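The values are calculated or read from the model by the stated rules, or taken from the named source; none is laboratory data. For clarity, every value in this text was computed on a predicted model and none was experimentally measured. Ideal geometry is used to build each Cβ from the backbone, glycine not excepted, and the neighbour counts take in all protein chains shown.
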Amino acid sequence: MNQLIEPYSDEIVHIFGKASAQLQTLPEELKEQALALLGKCHPLNRKDNEGPNMISYLLPYWVGETLGSPIELCRELAVGNLYGMLSFFLLDDVMDEMRDVRRSLALSTVLNQRFLEAYQWCFSENPQLWGCYNRYLAQWADAMYREEDEPMDPRDPGRLARKAAPVKLCVAALLLQAGQVNKMPHMEKAIDLALAVLQLSDDWADWLEDLPTASCNAFLVLLRENLQLQVGEVMDESMVKRSIYREMALGGLATLASDYADELTAMKEAPASLQIFASTMAESLQFKANEIKDRYDRLLNDGGFSIYLAENG
């Protein structure tokens, strides 16, 4: 992903620096946690030069370049998106019962307010933008509500993208500023395809963590289909690992990701960096699937696969 980070390194320093300075005004009991979260997301502070969900803060630049938007507006929306990203991170943690609920909810509320303030500063009197915000927030809420009760559909990119729907607010804002609202459906579809690839990639990375609630993970849903498990049959870690190596289970997920990335690449007016973002993730999944297949073939030919499964399955 360096090719996506490096061209924006100065802007990344600027927006993270601005957010960090603004977070200094938070109450002491929230400031430390907020700055720590922000630091974890700073791509230039990471050895791999990648930040989780870089699409959140780079999307205003990618879309802004396509539309010829003012750089000052892109920066303001990028800072706002940083706050929104952190706010929704915290809500995810609360729903997963991972951290102190009281503090996380308090900080999430404060950060969400900062997110909205960044947009209100630029679009305070534009009801159309806030209609979009309400729609995106409803999509996010629907995704979270249905997550455990209704299995994820890996073949529905729109649904895969819903957990990150609020990130599209910057797209609506930039289109409104540019007077190109007619492009909204096209641009939203492009963002959804990229977010769908991101969700598939995340679900592969998180399958072990998600195993207790497998229906919310697209990779595990595909795996259940491949194994033809009945309702009530439980997948365990050993079963998943065997399927990854014996049935090449990652291949199906990688194919879906590639299909979504290819569809995005074919959209002529989609931001080029967004296309690269999705294609790079899809290629990474396919590379991993090929790597697993090659390793399986080598172990099989060398007679070592049963030993590997005994140690890792």
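Listed values, structure above:
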| item | result |
| --- | --- |
| Residue selected from the stretch 141-161 under the condition modelled with pLDDT of 95 or more and surrounded by 17 or more Cβ atoms within 10 Å (Cβ to Cβ), by the criterion nearest to R75 (Cα to Cα) | A161 |
| So A164, is it farther than 17 Å from A249 by Cβ, crowded, with 23+ Cβ neighbours inside 10 Å and in contact with a Cys (Cβ under 6 Å, 6 or more places away or on another chain) | no |
| Filter result (closer than 20 Å to D92 by Cβ and either modelled with pLDDT of 95 or more or touching a helix residue (DSSP H, G or I) at 6+ places or on another chain (Cβ under 7 Å) (or both)) within the stretch 114-140 | R114, F115, Y133, Y136, L137, A138, Q139, W140 |
| Selected residue (only one of E76, E32, E72 is at pLDDT 95 or above and loosely packed, with under 14 Cβ neighbours inside 10 Å) | E72 |
| Elements of type helices (runs of 4 or more DSSP H) contained in the stretch 89-170, each with 3 or more residues being touching a Lys or Arg at 6+ places or on another chain (Cβ under 7 Å) and under 27 Å from Y61 (Cα atoms) | 127-146 |
| Residues within the stretch 144-175 that are in contact (Cβ under 8 Å) with a residue 60 or more places away in the chain, under 15 Å from V221 (Cβ atoms) and of a type in the set (A, V, I, L, M), tallied | 1 |
| Counted residues, the stretch 2-22 - those being buried (at least 19 other Cβ atoms within 10 Å of the Cβ) and touching a residue at least 60 places away in the same chain (Cβ under 8 Å) | 4 |
| Of residues in the stretch 228-245 being farther than 18 Å from A289 by Cα and aliphatic (A, V, I, L, M), the one surrounded by the fewest Cβ atoms within 10 Å (Cβ to Cβ) | V231 |
